[in-house]
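Working notes, beginning with the structure itself.
What follows is calculated from the coordinates using simple rules that are stated; it is not laboratory data. Quick caveat, the model's predicted, so the values are computed rather than measured. For neighbour counting, all protein chains shown are included, and Cβ atoms are generated from backbone atoms with ideal geometry for every residue, glycine included.
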Amino acid sequence: MRPFLVFICYLVISATPVYAGDQHQANPRTMTFAALNFQIPKAERVVLECGMPVYLLRDTELPIINMTAMVRVGSVYEPAAKTGLSDMVGRVMRSGGAGGVPPEQMDDELEFMASSVESSIGSDMGMVSMTTLGKNFSRTLDIFRNVLLLPDFSGNRVEIARRHIVEALRRQNDDPKDIAGREINRAIYAGHSLGEIATFESINSLTRQDLVDFHQRFFRLDNMILAVSGDFDRTSLLNALNTTFKSGKNRTSLILPKVPQPDQPLQGEVIYGKKDVNQTVIRMGHLGLTKDSPDIYAIRLLDYILGGSFTSRLMMEIRTNQGLAYSVGSHFDIGRRFTGTFIAETETKAESTAKAINLMKQIISGMTKEPVSDAELNAAREYLINSFMFGFTSPASIVTQRARLEYYGYPDGYLEQYRDNLAKVTKVDILSAARKYLHPDAFKLVVVGDATKFDQPLTTLGQVRELDLKLNPPKP
Amino acid sequence: MKTILAAVTLLAAFATTIHAATLEEKVVEHSMKNGMKLLLVERHTSPTVAAWIRFKVGSVDERSDERGIAHMLEHMLFKGTTTLGTTDYAAEKPILDKIEAVAQKLMNEKARREKADPAKIAELEKQLAVLESDASKYVVKDEFFELYSKHGGTGYNAFTSRDGTTYLINLPANKLELWAAIESDRLQNAVLREFYTERSVVMEERRRSYDADPENKLWETFVASSFLAHPYGQPTIGWMSDIEYLTRSKAERFFRDYYAPNNAIVAIVGDIDTRKTIAMVERYFGAIKPGKEIPPVTTIEPAQSGERRIELIAEAEPALIMGFHKPAIGTPDDYVFDVITMILGTGRTSRFYKDLVIEKQITSDIGVFDAPGTRYPNLFIVSANPRAPHTIKEVEEAILAELDTLKTTPVAERDLLRILNKIEYEEARRMGTNGGLARNLTEYEATAGSWRYMTEHRGKIAKVTPADIMRVATTYFTPLNRTVGLITKKGGDK
């Protein structure tokens with residue numbers, strides 16, 4: 001069969017014809033451009049003999065092949081007392097040896113080939129990725145398969161991973177930005193597994209068997225999607241994948257536990273962490289929405305206008321006009337499986353802490369009071385539509401994106417209709433989305449810094465709960 | 001180069017194409033009459049293009065009374081020109097001049113410190129606020145950004161380092177002319193409006209990046225302590241009191257003196273027609289007059305005559321940085337350091353990882369790199385955080401033991417071969433993104449004198465021998481040449 005080739009049709013015509021000696025210089029405010037016919041690149045979807053879907057995109061620019069397996073697993077499946085289990089599984093799958101090949105040997109073999117295999121588990125997805133020069137594909141694929149399906153979890157490496165995580169826990173309060181980022185997430189997801197964080201106790205309670213069991217339960221051929229891109233021959237590749245991923249007898253049918261949606265009632269809270277620093281870290285927010293909401297297009301535009309660009313309202317007022325911060329913004333992290341978050345953030349000198357907080361809340365509230373201007377809507381729309389093509393600049397990003405859409409169950413045609421859906425959004429849509437999804441009175445507000453230097457006491461913002469930043473690591 | 005690649009492809013069962021296009025063949029170099037250097041690469045993977053401009057001037061080129069100005073100017077160059085970012089420059093300009101006069105009076109008064117007159121300061125601050133408010137009526141805020149964004153531009157940004165200053169953007173390929181129009185205007189007609197508000201933004205940037213982040217604060221202190229004479233020691237962002245006394249006039253002088261086409265390197269990588277692109281860039285930039293060359297920094301850091309140790313007390317767990325002075329990029333010993341860096345610090349087979357992380361388990365994190373710049377003699381750095389209950393001392397001793405081994409035991413051939421394989425892979429990988437390639441082309445053209453540093457690098461590394469490594473380790477890894485910085489936890493470990 002002819003190797004599948006992606007076709008990207010586009011037409012570039014120089015906007016101004018080049019004549020010898022032409023010195024014409026266009027005005028950036030009014031210049032126009034030839035149309036660019038951008039077609040969304042497609043990846044081929046193939047189903048292996050074992051039933052596993054694979055997205056393929058051949059591209060011969062570089063002599064490299066990239067592959068990623070996405071596995072339906074995540075920290076949301078951890079038992080409450082075992083927070084940190086999935087993180088540790090993700091680390092030790094790679095670091096602990098696999099397929100009977102001890103860790104040192106695997107490291108040596110991979111690095112001698114300049115190949116790489118890495119594994120990790122996030123909140124709702126596990127990933128094992130490899131990259132290799134084409135000439136080393138076969139051996140790297142073997143190691144990739146072993147890491148994915150046959151990790152050895154050697155005892156020594158389990159202990160090393162545990163010690164690394166414990167050390168990271170000891171250091172979790174060193175940087176005020178880390179504290180604030182962690183605490184806003186905990187506050188927003190309080191009561192849900194997405195808000196759990198590992199502790200010395202939970203990490204120290206994990207056994208090697210916990211890791212083995214967790215891996216066995218989720219890392220199976222009927223629970224993953226592959227994405228492959230780069231310089232391969234399609235027939236050889238599919239033969240290799242079919243040989244490598246042979247369906248064994250599945251011990252049991254796959255059961256993914258039901259995980260409830262977070263549904264914390266919206267209720268404001270002020271959370272303070274004391275650090276001896278001259279700048280205050282500020283985070284505020286609450287639950288947001290999922291990709292299944294029809295409002296996601298209005299929200300993407302709202303995001304850009306409120307806090308997602310260099311000319312957003314938050315940036316313009318707090319940074320450009322008032323010089324109160326270097327970094328300021330807000331973002332709806334649209335949840336793919338679980339309700340996502342809205343978080344606004346900045347850092348400002350201790351003496352302008354309350355001023356910045358109040359300004360931010362006021363600017364955010366403004367979104368719920370009046371419709372955005374035509375100019376704002378147009379600027380946001382034009383940016384999001386015209387920059388859409390930057391999601392497709394490498395073969396690896398194209399295949400992993402396709403695989404991710406299937407993994408999270410996006411509707412067919414999501415990418416194809418994305419720009420049209422943005423174009424349809426009106427000012428009224430944005431206003432009603434703002435009223436539905438923004439509730440500044442119910443913000444969890446996290447403030448990390450030195451309250452003795454603040455311009456106003458935090459109590460003027462509400463009832464304050466102070467964080468205990470003292471850690472009590474068990475004596476080693 | 002070609003022969004090596006062809007041989008590789010013959011062996012490759014999965015690679016099906018001959019990869020004829022090496023970097024050497026892909027880059028088109030064009031020198032303009034005014035001295036501006038263009039580096040172009042056609043990549044037709046997606047209908048996008050990356051455009052980077054690098055000026056060969058960084059914080060190392062600052063005078064001592066203007067530290068932070070290179071970075072401050074980088075911020076200011078987003079504020080527009082005589083035609084962009086303003087509704088009426090003719091009306092705006094006299095107000096900007098008044099702002100500058102009042103701001104300078106205010107700074108002069110504040111510089112009197114405890115002798116300053118608070119009433120005078122308050123009055124001048126009031127005047128400044130009124131004038132700034134007047135001027136703001138003419139400002140079209142962040143118009144460069146608005147223009148790029150509405151046309152789909154992404155990643156519009158800039159960064160300043162010791163060695164240089166770079167401005168970058170990614171655009172849909174049909175809109176590259178917008179870049180030429182904006183950037184050529186910016187180079188000739190920049191107006192540094194809103195200077196004193198932006199200066200407050202930079203102070204917040206400093207607080208965020210250094211003052212309130214213990215590891216970065218240690219880093220800044222460590223680098224400053226490593227250089228007594230050479231300006232590499234000074235932080236690019238400037239010390240807080242330096243920033244407080246930066247003026248628009250200083251920034252304008254820096255801009256006039258250094259931002260000239262002969263000090264600029266442009267890389268355009270992506271879905272372009274090379275010939276037409278050169279013509280287009282010539283049309284916009286060709287008439288700009290060259291300026292003076294940037295004089296080299298003549299200060300030479302005196303040889304260290306003893307170990308330097310610095311300590312930072314912070315609300316944070318212990319951390320360690322160790323540095324040794326070493327030569328600049330492109331010198332024979334620098335290639336040997338590249339090999340040493342990879343042997344000690346790259347990947348899970350590196351010596352530090354195997355010994356300190358896996359075997360002794362005294363750290364969970366160790367890094368090896370060059371800093372703070374590369375154009376001038378710099379530092380070989382090892383940075384590690386001890387894993388409790390292990391101490392800084394244990395980590396330090398283990399690092400020194402590995403450095404000593406390099407002096408006495410020849411490195412195995414297989415280790416050197418692994419490094420060459422890694423470089424071969426990286427050579428291929430780095431051609432995979434427009435922005436990454438543009439970054440490397442401008443960086444090496446500016447710091448090593450030619451982008452060909454990249455294509456020649458593997459050959460230079462292949463010539464490094466085990467004896468070279470022993471010699472370099474013995475020469476440089478000495479107590480006299482060493483600086484050590486550490487964080488001690490405030491109040492001890494309670």
Relative contact order (percent, whole number), region A:138-234, Cα cutoff 8 Å, 6+ residue spacing: 32
Long-range tail of P(r) for region B:358-426 (Cα pairs > 18 Å, %): 58
For B:Ile272, distant residues with modelled amide H under 5 Å away: B:Arg43
Percent of beta bridges antiparallel (DSSP, chain A, rounded to nearest 5): 75
For region A:261-316 versus region A:377-422, the gap between their alpha-carbon centres in whole angstrom: 22
FRET efficiency for A:Asp178 and A:Thr290, using Cβ-Cβ distance with R0 set to 30 Å, rounded to 0.05: 0.65
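Determine the shape class of region A:393-455: with a ≥ b ≥ c the square roots of the Cα gyration tensor eigenvalues, call it rounded for a/c under 1.5, and otherwise prolate if a/b is greater than b/c, oblate otherwise. Mind showing how you got there, number by number?
Numbers: a/c = 3.18, a/b = 1.67, b/c = 1.90.
It comes out oblate by the Cα gyration axes.
Taking chain A, how much of its Cα-Cα pair set, in percent, is spaced more than 31 angstrom apart?
Distances greater than 31 Å cover 55 percent of the Cα pairs.
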Estimated vicinal HN-Hα couplings, Hz - region A:397-402 in sequence order (Karplus 6.51, -1.76, 1.60; Gly, Pro = x): 5, 5, 5, 5, 5, 4
Bridge type composition, the protein assembly as shown - antiparallel percent by DSSP, nearest 5: 75
Length-normalised contact order of region B:342-460 in % [C-alpha pairs under 8 Å, at least 6 apart]: 16
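Let me have the relative contact order for chain A, percent, based on Cα pairs under 8 Å that are six or more residues apart.
Details: 841 pairs, mean separation 96.7, N = 476.
That works out to 20 percent.
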For region B:310-316, 3J(HN,Hα) per residue [Karplus equation, 6.51 cos²θ - 1.76 cosθ + 1.60, θ = phi - 60°, Hz, x = Gly/Pro]: 10, 10, 10, 8, 8, 7, 7
Pairs from A:Lys355/B:Lys150; A:Lys424/B:Lys150; A:Lys475/B:Lys393; A:Lys177/B:Lys79 whose Cα-Cα separation, in the structure shown, is over 25 Å: A:Lys355/B:Lys150; A:Lys177/B:Lys79
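Among A:Phe232, B:Phe254, rank each residue by its count of other Cβ atoms within 10 Å, from fewest to most, as a rough exposure measure.
Working: A:Phe232 27, B:Phe254 21.
In increasing order of surrounding Cβ atoms, one gets B:Phe254, A:Phe232.
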Distance-filtered residues of region B:78-103 - backbone nitrogen under 19 Å, label point 7 angstrom along B:Asn189 Cα→Cβ: B:78-97
For region A:80-221, alpha-carbon Rg and Dmax in angstrom: 16.5, 50
Sites B:Glu244 and A:Glu49 - FRET efficiency at Förster radius 56 Å, r taken between beta-carbons, to 0.05: 0.20
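If eta is 1.002 mPa s and T is 20 °C, what Stokes-Einstein diffusion coefficient results for region B:144-217, Kirkwood Rh from Cα pairs, in µm²/s? Could the numbers behind the result be given before it?
Numbers: Rh = 14.7 Å.
Taking Rh from Cα pairs, D becomes 146 µm²/s.
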Efficiency of FRET between B:Ser133 and B:Arg452 - r from beta-carbon atoms, R0 60 angstrom, step 0.05: 0.70
Straight-distance crosslink candidates among lysines, where the alpha carbon sits under 20 Å from A:Lys135 and sequence neighbours closer than 8 are dropped: B:Lys2, B:Lys422
Label zone at A:Gln456, where the point sits 7 Å out along the Cα-to-Cβ direction: region A:255-286 residues whose backbone N lies under 15 Å: A:270
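Test of understanding: what is the full-extension gain from B:Glu114 to B:Arg63, defined as 0.36 nm times their sequence separation minus their Cα-Cα distance?
Values: separation 51, 0.36 × 51 = 18.36 nm, distance 2.62 nm.
Stretched out fully, the B:Glu114 to B:Arg63 stretch lengthens by 15.7 nm.
Would you mind computing Rg(Cα) / (2.2 N^0.38 Å) for region A:187-285, counting N as its residues?
Values: Rg = 22.3 Å, N = 99, 2.2 N^0.38 = 12.6 Å.
The value comes to 1.77.
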Three-way shape call for region A:337-476 based on the alpha-carbon gyration tensor, with the a/c threshold at 1.5: oblate
Alpha carbon centroid spacing (whole Å) that separates region B:184-225 from region A:188-226: 41
Hz values of 3J(HN,Hα) by residue in region B:58-68 - Karplus curve (6.51, -1.76, 1.60), Gly and Pro given as x: x, 5, 5, 8, 7, 7, 5, 8, 9, 4, x
Centre separation in Å (Cα based) which lies between region B:389-428 and region B:469-488: 14
When each of A:Lys291/A:Lys369; B:Lys93/B:Lys141; B:Lys26/B:Lys460 is checked by Cα-Cα distance, pairs over 23 Å: A:Lys291/A:Lys369
Residue-averaged 222 nm ellipticity for chain A, from DSSP H runs of 4+ at -39500 (n - 2.57), nearest 500: -11000 deg cm²/dmol
Whether the protein assembly as shown is rounded, prolate or oblate, judged on the alpha carbon gyration tensor where a/c under 1.5 counts as rounded: rounded
Radius of gyration and maximum dimension Dmax of chain B, Cα, Å: 25.2, 81
